1. Count the lysine pairs in the chain whose Cα atoms lie under 21 Å apart, taking only pairs 8 or more positions apart in sequence or on different chains.
2. Could you give the longest part of the chain that holds none of the GluC sites (Glu not before Pro) found in DSSP loops with at most 12 neighbouring Cβ atoms within 10 Å?
3. For every helix of n ≥ 4 consecutive DSSP H residues, a contribution of -39,500 (n - 2.57) applies; sum these over the chain, divide by its total residues, and give [θ] at 222 nm rounded to the nearest 500 deg cm²/dmol.
4. Just flag the chymotrypsin sites (Phe, Trp or Tyr not before Pro) in the stretch 36-81 sitting in loop per DSSP whose Cβ has no more than 16 other Cβ atoms within 10 Å.
5. At a Förster distance of 41 Å, what's the computed FRET efficiency of residue 42 paired with residue 121, Cβ-Cβ distance as r, to 0.05?
Amino acid sequence: MIKIIDLPDSVFAPDLDTQTIHRLEVMLAKAHPKLVGMDNEQITLPESIYQVLIQVIQMMAAGQTISLVPYNHFLSSQEAADLLNVSRPYLYKLLDQGLIAYEMKGTHRRILFKDLINYKQHRDSQRRRNLIELTELSQDLGFYNAPEAN
């Protein structure tokens, strides 16, 4: 099974870089950075790039592996299954049920990253709603007592 960490464009900060990454995190919190070219030309980072940089540095500082994937990137069925943390046969069921859009490229199914993320967000929000409903039902039936607020 291919793990996301094995994707060729993934980046993981080795332990040697952690201190530098934490320093960058602190610096970014204090000021909006500029790039300085070889001829000392300075360019302030656009807000969109600044926000991405902050997110990447925070994740790397937390020891996470980072992959930047364009929304219009096609994933193999194995990559999509790994991102959803499901088996490939289960992913095929989701595709066949029309829950996730896909395209055929020859004999292979390819899933747009944005379609997979949309499905994942919908699935996760549905799970949260179901958990809240189950907790409330358990409380009503006396099977679960919520901790009291202090």
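Here, each number is a calculation from the coordinates, and none is a lab measurement. For clarity, every value in this text was computed on a predicted model and none was experimentally measured. Counting neighbours? That spans all protein chains shown, and the Cβs are built from the backbone with ideal geometry, glycine included.
1. The result is 7.
2. 42-147
3. So the helix-based figure for the chain works out to -16000 deg cm²/dmol.
4. 71
5. After rounding to 0.05, the efficiency reads 0.60.
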